[in-house]
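Here, each number is a calculation from the coordinates, and none is a lab measurement. All values derive from a computational prediction rather than experimental measurement. Here the Cβ is made from the backbone with ideal geometry for all residues, glycine too, and neighbour counts use every protein chain on show.
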Amino acid sequence: MTVRPAAGRLDRAASRIPDRLFRGSTGVVGWFVVALVLAVGAMLALNSGQALGKFGPSFVTGSTWDPVAGVYGALPYIIGTLASAGIAILLATPIGLLTAIFLAELAPRRVALPLTFTIELLAAIPSVVYGLWGVFVLAPFLKTTIETPITDALGWIPIFAGPVFGIDLFAAGVILTLMILPTIVSISREVLTSVPGAQREAMLALGATRWETISRVVLPTARPGIVGAVILGLGRALGETMAVTMVIGNGQSIPTRLFDHAQTIASQIATTFNEASLGLQTSALIALGLILLVITVGLNIVARVLVRRVAGPGRDERR
């Protein structure tokens, strides 16, 4: 029987101290983030108690926001938030995915690098700059080249009926599309480039075309990351404030058409909080923030479930 020297045991124990410190510190930071989210939620719930206590569930289902009469309903802003983010995701997902495929799989390096850098620069543009560009350039362009022709051709469909304004729900969705494209493109490109090259080479060696290799090997392998990129883009779209406020039209009713004036939760808070009177109105605006937090947290939970399902049942176990 061999007995290890005491000095050797002490050296091994000392070598584990940095690992334990690192694990403990990262654990503290992780729980601090969770505690911070819970603290924000608790603060919002506490300060929105007056509005939620007075209106109850009708605060979420009500459609009237009248500070003079003291009646507050959040449904128009909830629908405006979901509708504008939905338009953005419907437009940005195919554009972003196709762009990422081109940059990762098809474009030569001398083209892919500057294009990738340019697309990532879009994320650095301030929101207010997007808003100004949307007001003076995008909105008039959409009104004359897209909204008016669609209304003239498809005006018999209720969602496209009525007048067009340029400053409306559709413009907000388009401006959000531009703002979330860098997120979707960058993450999707990184995920696609991380697919092992051996899988591509094996598929090509079997006689597959480049498109068959991408569609049957690369995309299925990268699918969990692509789903995550889309969800992150959706989260950005839900919380965007300034650019949306400038182009959505400040409508106070539930939007029933694609080209209606509308309002999101974030834009409603931004435009009215400074002038809100203390008491019920301020509490109602804080309750809007609580609803947006719940939507965002719920979105992250759904995203986690979707990524796990797409990744397969054994992925987490292999980790």
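Could you compute the FRET efficiency for ILE125 and VAL302, with r as their C-beta to C-beta distance and R0 at 30 Å, rounded to 0.05? Computed FRET efficiency for ILE125 and VAL302: 0.55.
Farthest towards the positive end of the charge dipole of the chain, among the residues LEU98, PRO220, PRO67, is the Cα of PRO220, using unit charges on the Cβ of Lys, Arg, Asp and Glu. Judged by the mean number of other Cβ atoms found within 10 Å, the most tightly packed of the peptides 33-40, 73-80, 216-223 leads the ranking 73-80, 216-223, 33-40.
Its Cα centre serving as origin, region 58-312 has a Cβ charge dipole (Lys and Arg +1, Asp and Glu -1) of approximately 860 debye. The string of couplings for region 211-216 from the Karplus curve (6.51, -1.76, 1.60, θ = phi - 60°) is 5, 5, 5, 5, 6, 9 Hz, one whole number per residue in order, with x for Gly and Pro. Available extension along the chain between ILE254 and VAL68 is 65.0 nm, counting 0.36 nm per residue and deducting the alpha carbon span. Here region 163-196 is scanned for amide nitrogen atoms under 15 Å from the site 7 Å beyond the Cα of LEU106 along Cα-to-Cβ, giving 189. Once mean projected area of the Cα convex hull in nm² is calculated for the structure shown, the corresponding label among (1) 18.3; (2) 27.6; (3) 26.7 turns out to be (3).
Here the simple spin-label model places points 7 Å from the Cα toward Cβ, and for ALA161 and PHE117 these points are separated by 5.3 nm.
In this label model, ASP19 and ILE146 are separated by 5.5 nm, measuring between points 7 Å along each Cα→Cβ vector. Mean residue ellipticity, 222 nm, helices only, the chain: the sum of -39500 (n - 2.57) across DSSP H runs of n ≥ 4, divided by residue count and rounded to 500, is -22000 deg cm²/dmol. Extending 7 Å from Cα along the Cβ direction at LEU36 and again at GLU275 yields two label points whose distance is 3.3 nm.
Projecting the Cα atoms of GLY251, VAL230, LEU154 onto the dipole axis of region 146-260, where Lys and Arg carry +1 and Asp and Glu carry -1 at the beta carbon, places VAL230 farthest toward the positive end.
In terms of other Cβ atoms within 10 Å, LYS143, LYS54 run from fewest to most in the order LYS54, LYS143.
Less than 5 angstrom separates the built amide H of VAL71 from those of ASP66, all sequence-distant by 5 or more or on a different chain.
Listed values for region 273-285 are Karplus-derived 3J(HN,Hα) couplings in whole Hz (6.51 cos²θ - 1.76 cosθ + 1.60, θ = phi - 60°), namely 5, 5, 9, 6, 7, 5, x, 5, 5, 4, 4, 5, 5, and x replaces Gly and Pro.
Neighbour counts of other Cβ atoms within 10 Å put GLU275, GLU147, GLU240 in the fewest-to-most order GLU275, GLU147, GLU240.
Note on PHE136, PHE160: ascending count of other Cβ atoms within 10 Å places them as PHE136, PHE160, the fewest first.
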